[in-house]
Every structure is written in structure tokens, then in C-alpha cells.
Amino acid sequence: ANDNSVNTGTSANDDSVNTRTSADINSVNSTASENDNSFTFNNSAEDFANIDKTVIPPIESEDQSTFVNSPMSDVEVFHNSLMDEVLADRIMEQMRHDPRVHMTVPELMRSYGYGAEVHHVTTEDGYILEMHRMLGKKGHHSCAKFHKKKRRVNKGKCEPVLLQHGLLGSSSAWVLNYPEKALAYILTDLGYDVWMGNSRGNIYSMNHTHLDTRSWPFWDFSFQEMGQYDLPAVIDYILETTKREQLHYIGHSMGTTMYWVLSHHRPEFCKAKVASMSALGPVAFIGHAVSPIVLLAPFNAQLRWILIDILGEYRLLDPNFVLTQILERSCSLLRVTEVICANSVFLIIGFDSGDLNLDWLPVILGQLNAGASTKTIIHFAQLIMSEKFLMYDYGMNNYRHYKQFTPPSYNLSAVTGPVQLIAGPNDWLADPTDVQLLTKSLTDVDLSFVSVANQRFNHLDFLWGNDAKKLVYDHVIKFMQQHAF
């Protein structure tokens, strides 16, 4: 991309986000031109501009048998091992030739003809978070311009929506599909003002007003701090910028967990400022999870001591990281191809290609290594073992943090307002049994529950499933329309 204004403090192609200081950023918000003439793709799924399709063999659906977790004969095992190699070669070939793999989120949005803004906000405890705002397509009315006009706002027009990613993800989670299939584009085309958050510690939000990003004090956080500090800072910033009093919140996976935490600490904040909350693959109780993270759960106390205290491994997941090597061994049990297993998101959450748009898999693999704190993954491991929705367990130091010897439970009855839970029947992380337990715990909400009408629908299909629009997003849009403001 030739428009350097999309990234404050760095050029659009500069990946060294870690070098920016708070003085460089200091609440500067830059806008990418809606008339930017940078490299673009057509919207059609049939056309990849500037990619030689003869070089990249298509990723055929027949290869999906590689990932189906069912007993196989020796012949089938041999056949599928060959398919693993073929699929891995195809993915790696496309990753070498597809320019989308290395684009930033604003660059990716512009490549499909949409505008982008980059905004920064500083949390109460000093973390500098980057947000990405999607603008309408070229020639279409922009919500950014709409809010600047001091006139009465029409109900439903340019209502702000915050999309919050899950564990190990970033704002890219919402744009890694074609515009007619990805939620961020769909909502923008419907006239919503779409904002995408980036939680502390991921590649877009690795900055602080004074802490060294290589130090333990910087990485001493889990989803507890993301919900308590990140979300209120982001929500207040969006409302102040748009001159609105409320917004819609859509979270996936850990993005839902963060909202439950915020509601626990500041229930009146959520009640006043969130018009509707849609939870995709909602995570609170995860005692029935079957994703690879389950392998770590029994050893969460030892992992905390070894990784953080002894090895100083504060950030997930480096290829040489001990935790990475443990998880990679689980791939042989789950029969996931090596190139997929090398991606941290699939390592933790699991992979099932039943409804995944494999055409985008190489881009997803290239984009989704956003990182997270080791403490966050240990916190999730603790939830699996306890089968409860508890604050971080500091062991012998619990009393120092909580004035009690065991970690307190989050108060889910503090969640109020319109809440929509959407569960996937084949979700490895947000198991339907655990989602039902969450449903019973949300005692003071205007609750809408949707079970996805596809028995193979899993945790990542909420983002990249071929049928996500029909099965999930249409429900979300209808729910938001019912609670327009």
C-alpha cells in the first residue's frame, strides 16, 4: 500500500509496531484515504488479482477428509498422510504468492475497496491499544463523515459496532474472508460504523506508556485485565469519537469472556453504553472443552512456575517455546497437517475443516499469529480444571490479591441488557454443555439463544465458515435491528 497515513508512527508496511512510543502515538488518529489507489482485489471469490492461478493448485474439498476425526484403516492412514503432504505443499505455495498473507488489516480492507482508519487509545493502566475502523466502499457514504455533521441522527443509521476478537487473534479475524462473507464488511455494507478492537499484547497493541514490552510487568495480564481495562477504554473512545451514547458489541471466544469480566466489575457501564451484546462461541465455563488446551490444564500450576518464574517465557507462542512443542505433539493425535499445527490458534483451539473456507486458509495461517500472554493461556487452563468461571488462581498468593485463599468467581448475574448467545454444536472450546451452564447463570438479561443449525459447526466457523452469514450473522443482524437506538 502506498498510503502511509494508515499507520501512525510507522509506514503502512512497517511491522515494527513495538518500536513506537507513547509520545509517537499520543492519541494521534490517522485516516486512510477512501480514494486510495493502492493494490486492490475484486470482490468476487472467483478472482485473485495479480496471482498466477496456474502456480497455485486449488485446495480441493476432497482433502477435508484429512481432518475428520474418525477411526481409519491402515490404508486410509497412509492415503491421508499423503494428502497431508499435498495439502501442506499447496498451502505453502499459496502463502508464498498471495500478497494478502502479509498485509496489515487496514491494507487488507483497502485491497477490497474499503477505507480504513487507525486509532489508538491508552488504558487506565497504561497499555496503548490499536483499533481499526472500517469505512464504506469507494463512492459510498462514510459513517466517519456522517458523525461529523451536527444534525439529528437517524435511528439505525451508522450505529457503532465493536467487534472483539478471541484468544491469540487480532482485528484480522473479522476480515479474513470475501466481503460478502466476512462480518466486518457485511455490517459496513449495511450502514453500521464498524470498529475492531485489538487486546493488549497482540501485534497491534504491543505498546505501553512506560513498561518495557520485554519485561514481566508488561505481560502480567490475562483476560481479567482485558475486560477490566481494555474494553471500557475502547468503548468510551468509540462513543466519544462518534458522538453516540451506545454501541453494539459482538465478541467471539475470549472476546465474550472479556465482556463478562467487564460486566462483573462495571455493570452500570455496560447497562448504559451497550445496546446489545452478541456472543459467538461464548466462553465462561470450559470444563467440557476438548480442544488441545485440555492437555495443558492438569499442569497449569507447574506451567506457571516453569514458564514464567524459571524460563521467563511471558508471551505465547514462540516456535522454540516449550509450550508450543508440547501442543505440537498433540497434532499427531488429532491428525492435523503439520502446516496447520504450526499455527498457534489451531494449536490451542483445535482445527476441523468441515465448514471452513479452505480458499482462505493460507491467508488465515499467515495472519493469525497475533500472540498473547502466557498468563492468559494458564488462566484458561485453570478454568478447565476448576469447571468454574473464576479469577486467576495465584495459589499461595491468592490472599494477597483477593483477601481470601481461593480465587473469587465472576458474577455473571451482573450481566444485564439484551444478550444473544450463539453456540456451535461441534465447538471444541465452547462446548454446548458449558454454554447451557452459562445460559442458566445469566439471570438478569434479555436473553436470546441460538444453536447453529449445522452439527459440524465449530469454534472457528463463526469467523470463516462458508455458511456463517446464513447460520450466524443473519441472527446477529436481526438482533441488532431489534435493539436499534
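Condition check ((1) closer than 23 Å to Asn397 by Cα; (2) in a strand (DSSP E or B)) across all residues:
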position	(1), (2)
Asp230	no, no
Ile238	no, no
His248	no, yes
Thr256	no, no
Val261	yes, no
Val283	no, no
Gly287	no, no
Which listed residue is of a type outside the set (Phe, Trp, Tyr), open to solvent by less than 10 Å² (accessible area, probe 1.4 Å), touching a helix residue (DSSP H, G or I) at 6+ places or on another chain (Cβ under 6 Å) and modelled with pLDDT of 95 or more, from Ser222, Ser205: Ser222
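Just for the stretch 147-168: of the residues that are assigned to a loop (DSSP other than H, G, I, E, B) and at pLDDT 90 or above, which one is farthest from the chain's Cα centre (by Cα)?
Looking at residues that are assigned to a loop (DSSP other than H, G, I, E, B) and at pLDDT 90 or above, I get Cys158.
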Answer yes or no as to whether Val261 is open to solvent by 50 Å² or more (accessible area, probe 1.4 Å), in contact (Cβ under 8 Å) with a residue 60 or more places away in the chain and in contact with a Phe, Trp or Tyr (Cβ under 7 Å, 6 or more places away or on another chain). no
Would a scan of the stretch 124-146 turn up a residue that is closer than 27 Å to Phe221 by Cβ, at pLDDT below 95 and within 18 Å of the chain's Cα centre (by Cα)? no
State the number of residues belonging to the stretch 405-422 that are more than 20 Å from Ser451 (Cβ to Cβ) and either in contact with a His (Cβ under 7 Å, 6 or more places away or on another chain) or of a type in the set (S, T, N, Q) (or both). 7
Picking from Ala370, Ala430, the residue that is in a loop (DSSP other than H, G, I, E, B) and within 26 Å of Ala275 (Cα to Cα) would be Ala430
Inter-residue pairs, beta-carbon under 7 Å, first over 10 Å from Ser172 (Cβ atoms) and open to solvent by 10 Å² or more (accessible area, probe 1.4 Å) and in the stretch 96-111, second among the aliphatic types (A, V, I, L, M) and part of a loop (DSSP other than H, G, I, E, B), 6+ apart: His97/Ile51; His97/Val55; His97/Ile56; Glu107/Ala1; Glu107/Ala12
Determine whether Pro179 is modelled with pLDDT of 90 or more, crowded, with 18+ Cβ neighbours inside 10 Å and over 16 Å from Val105 (Cα atoms). no
Out of the residues in the stretch 433-485 that are part of a helix (DSSP H, G or I) and touching a His at 6+ places or on another chain (Cβ under 8 Å), state the one that is most open to solvent (accessible area, probe 1.4 Å). Thr433
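The values are calculated or read from the model by the stated rules, or taken from the named source; none is laboratory data. These numbers come from a predicted model, not from an experiment. In this analysis, Cβ positions are derived from the backbone assuming ideal geometry, glycine residues included, and neighbour counts consider all displayed protein chains. Just so you know, the surface numbers come from the protein's heavy atoms only, side chains and all, with ligands and any DNA or RNA stripped out. Shrake-Rupley method; radii C 1.70, N 1.55, O 1.52, S 1.80 Å.
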